[in-house]
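The values are calculated or read from the model by the stated rules, or taken from the named source; none is laboratory data. None of these values were measured; they are calculated from a predicted model. Note that we place each Cβ from the backbone using ideal geometry, even for glycine, and neighbour counts take in every protein chain shown.
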Amino acid sequence: MTSCAKCNHVVDKTYDCEHTDDEEYCVECYTELHYYLTEKKHADNS
């Protein structure tokens, strides 16, 4: 088990990508980050 780099919760599965600077995030933090990035992108295009 691994801990999330953002919230420090211990979880079974983590996710990482270039948006997390390759740090491991739990699904909740990862989803929140990508939701924020998606919303920001849509706001910039408006």
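Only one of the numbered conditions (1) modelled with pLDDT of 95 or more; (2) not basic (Lys, Arg); (3) not in a helix (DSSP H, G or I) is violated by Asp22, and that is (1). Beta carbons closer than 9 Å, at least 6 apart along the sequence or on distinct chains, pair a first residue in segment 15-30 that is closer than 9 Å to Cys4 by Cβ with a second that is loosely packed, with under 14 Cβ neighbours inside 10 Å and among the acidic types (Asp, Glu) for Glu23/Asp16; Glu24/Asp16; Tyr25/Asp16; Tyr30/Asp16.
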